[in-house]
Every structure is written in C-alpha cells, then in structure tokens.
Amino acid sequence: MGKDESKNLVKEPDLSYGNYTYADYLTWDMEEMVELIKGKVFKKAAAAPKRIHQWLTGNLHTEMNLFLKGKKCQAYIAPFDVRLPVNSKKDDKIPTVVQPDICVVCDMDKLDDRGCIGAPDLVVEVLSPGNKQVELQHKYEVYEESGVKEYWLVDPEGQIVLIYTLIRGKYQSTRIMTIGDTAKSSVIEGFELDLEEFFAEIK
C-alpha cells in the first residue's frame with residue numbers, strides 16, 4: 001500500500017451511519033473484523049471465536065473441500081469477503097460485504113482476487129455467543145434477498161444444524177437436526193454430514 005493510500009485509511013467508521021458501501025469498507029483500518037449489511041457496520045466479536053467454533057468450522061470446510069475435489073464448486077473459509085450487489089457491481093454502490101464462516105461458489109465468474117461478488121451457492125454460519133442476532137436476523141434476510149440457494153446454521157452449544165433452502169425466492173427450513181441425523185445438501189448434490197460424528201469431539 002502506497003503512502004497516499006495509507007493517509008486515507010479510517011480507523012473507526014461511524015457505527016450509527018447506515019449508508020456505507022464497499023468502497024468505504026476498503027478504506028477502514030480496523031483491528032477487529034467488521035461486516036457491512038445494507039450499508040450498516042456490524043463489528044465481529046472483539047475476541048477470537050471460541051475454540052469449538054474454529055474446530056467445527058475447520059472440520060466442515062475440510063469435509064466440503066474433500067467432497068468438492070475435482071468438481072466445479074469451490075469452498076472458502078473466513079476471512080473471505082463476499083460482496084452482495086443490489087443494482088450495481090461498482091464498489092461505491094455495493095451496500096453489503098459479509099464474511100461467512102464457509103461459503104461454496106459454483107460460478108467461477110463470481111470469483112476475483114478480492115473474494116466473491118454475487119451470492120454464493122451455499123453459506124455456512126457457525127454460531128457464537130456474540131453473533132447470534134446478526135446470523136439469525138440480518139444475515140438471514142440479506143442471504144435470502146441476494147439469492148443464496150442454501151444457508152446452514154450450525155449451533156455448537158446445542159449441537160444442532162438447521163438448513164434453509166431457497167424456494168421461489170423465500171427460505172424454507174428443515175426440521176432442527178441433531179446427533180443421530182444426517183444433514184444433506186440439495187445444492188452440493190451428494191454431500192452429507194453425519195452429525196453424530198461431526199459433533200463427537202466437542203468437549
């Protein structure tokens with residue numbers, strides 16, 4: 001980064017302002033991770049995610065990567081910027097930039113050096129005590145509106161998984177799945193996750 005660029009970095013955006021764009025996001029120089037949802041800044045938890053969050057996220061990403069080897073889709077793990085345009089793909093017109101724990105992209109034209117522009121085919125969010133409201137409300141809405149075909153919510157504390165599938169523009173959910181169930185993806189055809197094995201090593 002050149003001297004001219006570094007002078008323009010902003011240490012702390014105004015959290016009460018609700019009209020930021022991806023262009024603004026690129027100017028922020030913050031120690032903690034932030035996401036931008038419909039123009040409003042949401043800080044990620046100041047502390048690192050809990051060990052179990054990282055353990056489960058890493059394990060699920062590994063399972064997906066192994067399954068997708070040689071296939072057209074690719075799985076990415078946070079931090080990885082997903083830009084969700086509304087009417088324009090220009091940086092100063094994009095109101096939402098999120099960092100899902102895991103996302104799967106099957107349209108390679110959506111990938112560039114900065115991440116993904118447009119809705120991934122599948123998104124996974126592993127819940128943490130500090131981020132449940134964001135995942136359950138704000139991200140649910142923006143993923144649905146943006147056309148994310150499948151949205152997995154994983155709750156390490158409750159050892160449950162809930163899958164939302166986009167049908168005619170609206171999410172429909174599975175029943176709550178837990179140990180003894182097998183979570184199956186309709187977007188990554190053939191991918192299954194044995195929840196007893198998945199949650200077995202939580203201690």
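The values are calculated or read from the model by the stated rules, or taken from the named source; none is laboratory data. No experiment lies behind these values; they were computed from the predicted model shown. Cβ atoms come from the backbone with ideal geometry, glycine included; neighbour counts cover every protein chain shown.
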**OP:** Read through the list (1) crowded, with 22+ Cβ neighbours inside 10 Å; (2) touching a Gly at 6+ places or on another chain (Cβ under 8 Å); (3) of a type outside the set (Asp, Glu); (4) free of Cβ contacts under 8 Å to residues at least 40 places away in the same chain, then give the number of the only condition that Cys103 fails.
**Re:** (2)
**OP:** Confirm whether Val82 is within 17 Å of the chain's Cα centre (by Cα) and not assigned by TED's automatic domain parsing to the domain that holds Tyr20.
**Re:** yes
Subject >> Residue in segment 128-161 that is farthest from Pro95 (Cα to Cα), counting only those that are without any contact (Cβ under 8 Å) to a residue 40 or more places away in the chain and touching a Ser or Thr at 6+ places or on another chain (Cβ under 6 Å) >> reply: Ile160
**OP:** Take segment 42-72 and flag every residue that is touching a helix residue (DSSP H, G or I) at 6+ places or on another chain (Cβ under 9 Å) and surrounded by 16 or more Cβ atoms within 10 Å (Cβ to Cβ).
**Re:** Phe42, Lys44, Pro49, Leu56, Leu60, Glu63
Original post:
Scanning for something small (Gly, Ala, Ser) and in contact with a helix residue (DSSP H, G or I) (Cβ under 9 Å, 6 or more places away or on another chain), does segment 111-126 turn up at least one residue?
Top reply: yes
Original post:
Going by the conditions given, is Lys93 in contact (Cβ under 8 Å) with a residue 60 or more places away in the chain, among the basic types (Lys, Arg), surrounded by fewer than 20 Cβ atoms within 10 Å (Cβ to Cβ) and out of contact with any Pro (no Cβ under 6 Å at 6 or more places or on another chain)?
Top reply: yes
Original post:
Residue check: is Leu122 closer than 23 Å to Phe198 by Cα and surrounded by 14 or more Cβ atoms within 10 Å (Cβ to Cβ)?
Top reply: yes
Original post:
Val86: in a loop (DSSP other than H, G, I, E, B) and modelled with pLDDT of 90 or more, yes or no?
Top reply: yes
